[in-house]
Amino acid sequence: MIRVLSYNIHKGIGGRDRLYRLERIIRVIQAEAPDIVCLQEVDRNVPRSAHDDQPQLLAELLEREHQLYQLNVHLKEGGYGNLVLSRFPLRQAHQVSLTWRNHVRAKKPRGAQITVVDTPHGPLHLVNWHLGLAEYEREWQANHLLQHRLFREAADLPTLIVGDFNDWRNCLPGGSLGHHGFEQATAPISQFRSFPAYLPVGSLDKAFYRGKLRVRQAAVVRSAVARLASDHLPLVVELDLKSHAATDAA
């Protein structure tokens, strides 16, 4: 079994008290003991988070040797983005921009991380992303990623997509993700409300999968510290790679 945690950590700033307390984020993650950690809104060298190098701090304090950081939003000092931490080696690691733009303007910078995780049970093709606020923007972002050559390099492997989808109306399952053969692990959405953390009404943090893997369980973490640590609650997905399960059964 492989345990994956996806979490928009809101730069380590609490959703209600607005206090910067990265140690609360660490407590939430440690309590779930994930093998792979996929984070969004991770600061590096930003005044609001004490100029901390959060990717490095999180890797050290969570004792994850393998990491991949994607800086999406540049600020006057530092910036923030996505982070993957893993017990297992990462290979074919790529960063893809999901920033929507036309000839007039561009939306807020967004991005996706693509990697193949070399788990003891076989390779897992993993995407960690943070999608935009507009429905047309999210549909474009999903299509752009799924058709991208860097995604297609390992598209035949068991694939898991997690992150902050910002998909309030849950449109992507019937759109690009459904058309590309992905199943939703976080359904029905009424059981996966994750935002805002202190009184969740929206199912924004989702997981989709395709290929030879089985999702044992998916759940939103609703502990007392999780309700304080960020403006999102984390999502945990437990999965098996079917090739390994078949070998064990034999």
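The values are calculated or read from the model by the stated rules, or taken from the named source; none is laboratory data. The structure presented is a predicted model; accordingly, all values stated were derived computationally and were not measured. Cβ placement follows ideal geometry from the backbone for every residue including glycine, while neighbour counts extend to all protein chains displayed. We work out accessible area using only protein heavy atoms, side chains counted, and drop any ligands, DNA or RNA first. Shrake-Rupley method; radii C 1.70, N 1.55, O 1.52, S 1.80 Å.
For the range 118-250, what are Rg and Dmax over the alpha carbons, in angstrom?
For the range 118-250, the Cα-based Rg and Dmax read 15.4, 48 Å.
Report ³J(HN,Hα) in whole Hz for each residue of the range 152-165, in order, from the Karplus equation J = 6.51 cos²θ - 1.76 cosθ + 1.60 where θ = phi - 60°; Gly and Pro get x.
With coefficients 6.51, -1.76 and 1.60, one gets 5, 4, 10, 5, 7, 7, x, 10, 10, 10, 9, x, 8, 8 Hz.
Can you give the extra length, in nm with one decimal, that the chain gains between L150 and A224 once fully stretched, where that is 0.36 nm per residue apart less the Cα-Cα distance? Mind showing how you got there, number by number?
Values: separation 74, 0.36 × 74 = 26.64 nm, distance 3.92 nm.
Roughly 22.7 nm would be gained on extension.
Tell me, what is a quarter of the convex hull surface for the C-alpha atoms of the chain, in nm² with one decimal?
13.1 nm²
Find out how many positive minus negative residues lie around A197, taking Lys and Arg as positive, Asp and Glu as negative, among other residues whose Cβ is under 12 Å from that of A197.
Numbers: positive: R16, R24, R193, R222, R227; negative: D17, D205, D231.
Every neighbour counted, the sum reads +2.
Please work out the ratio of the alpha-carbon Rg of the range 130-206 to 2.2 N^0.38 Å and round it to two decimals. Don't skip to the answer; put the middle values down first.
On the way: Rg = 12.9 Å, N = 77, 2.2 N^0.38 = 11.5 Å.
Normalised Rg, Cα atoms only: 1.12.
In a solvent-free Debye calculation with one equal scatterer on each Cα, what is log10 I(q)/I(0) for the range 19-124 at q = 0.13, 0.18, 0.23 Å⁻¹, listed in the order of the q values?
The Debye formula, applied to the Cα set alone, gives -0.53, -0.93, -1.27.
Give me a comma-separated list of calculated 3J(HN,Hα) values for the range 132-137, in order, Karplus coefficients 6.51, -1.76, 1.60 applied at θ = phi - 60°, integers in Hz, x for any Gly or Pro.
Calculated HN-Hα couplings, in order: x, 8, 9, 4, 5, 5 Hz.
Before I look further, what does the chain give for accessible area per residue, probe 1.4 Å, in whole square angstrom? It would help to have the intermediate numbers written out before the result.
On the way: 10800 Å² over 250 residues.
On a per-residue basis, 43 Å².
With a 1.4 Å probe and all protein chains left in place, how much of the accessible area of the chain comes from carbon and sulfur atoms, in whole percent? Each step should come with its number before you reach the end.
Values: 5380 of 10800 Å².
The nonpolar share, carbon plus sulfur, comes to 50 percent.
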